[in-house]
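Below is one structure, written out as structure tokens; comments come after it.
The values are calculated or read from the model by the stated rules, or taken from the named source; none is laboratory data. Quick caveat, the model's predicted, so the values are computed rather than measured. Every residue, glycine among them, receives a Cβ derived from its backbone with ideal geometry; neighbour counts consider all protein chains shown. For the accessible areas, the whole protein counts, side chains as well, though only heavy atoms, and no ligand, DNA or RNA atoms are used. Shrake-Rupley method; radii C 1.70, N 1.55, O 1.52, S 1.80 Å.
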Amino acid sequence: MNKKVMDALNEQIKAELHSAYIYLAMSAHFSEKNLDGFAQWMKLQAGEEVGHAMRLYAHVLETGGHIVLKAVDAPPSKFGSPKEIFETALAHEKKITKMIHDLFDLAREEDDYATELMLQWFVTEQVEEEDSAGRAVEQLEMAGDSTAALLMLDQRFGQRQGD
Ligand SMILES: [Fe+2]
Ligand SMILES: [Fe+2]
């Protein structure tokens, strides 16, 4: 497979695993704060991120590429309010979207049709990721300082099902 594309895909595998690490750290924080619904949502999200990494991993191997796993940076261990946490998640997903778009452009430039097609799934997935994090931010904004509203949202987020 194309070397430039392969290097960028290996970099993206690392970014997805880093996302998983960030969401797992957020999940732990919510558990420690007894917000079990948000914790459950974040734990599922971490699992989804591992799934993203594995999709890219499978594609690299299927197209004759070489996997080079990189060191994953530590996530933060201190967090602010639930709203700030979801704002961080949203900003992070925007960064990931940009990476996916850059990867898509690169696959195009290099005439790597198989990678371009594979990445279409990620383009769609990023729309969902930004939408769900963005909605969480807005709902937490509406909840304001109300503990009752926060606990209601925690309940609701806890209803998220695994894929
Ligand atoms: Fe992802
Ligand atoms: Fe998703």
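Dividing the C-alpha radius of gyration of segment 62-163 by 2.2 N^0.38 Å, with N its residue count, gives 1.40. Computed with every protein chain present, the accessible area of Met6 is close to 30 Å² [probe 1.4 Å]. In segment 4-163, the portion of solvent-accessible area held by carbon and sulfur atoms comes to 54 percent [1.4 Å probe, whole percent, DNA, RNA and ligands not counted]. Among the trypsin sites (Lys or Arg not before Pro) in segment 44-146, those placed in a DSSP loop whose Cβ has at most 14 other Cβ atoms within 10 Å are Lys70, Lys78. Pairs of Cα atoms nearer than 8 Å and 6+ residues apart set the relative contact order; for the chain it is 32 percent. Listed by chain and number, the aspartates and glutamates whose C-alpha is less than 14 Å from the C-alpha of Lys83, apart from same-chain residues fewer than 8 away, are Glu138, Glu141, Asp145, Asp154. Rounded to the nearest 10 degrees, the inclination of helix 82-109 to the longest alpha-carbon principal axis of the chain is 10 degrees.
Peptide packing for 30-36, 84-90 was compared via the average number of neighbouring C-beta atoms within 10 Å per residue; ordered from the highest value, the list is 84-90, 30-36. For the chain, the longest principal axis of the alpha carbon atoms and the long axis of helix 147-157 meet at an angle near 40°.
Put the Cα centre of segment 105-121 next to the Cα centre of segment 29-66 and the gap is 23 Å.
Each helix, a run of at least 4 DSSP H residues, gives -39500 (n - 2.57); summed and divided by the residues of the chain, these come to -27500 deg cm²/dmol at 222 nm. Per residue, the accessible area of segment 13-112 comes to 51 Å² when a 1.4 Å probe rolls over the protein heavy atoms.
Taking Cα atoms only, the orientation of helix 3-32 departs from the longest principal axis of the chain by about 10 degrees. All other residues whose Cβ lies under 13 angstrom from that of Ala53 are scored, Lys and Arg at +1 and Asp and Glu at -1, for a net of -2.
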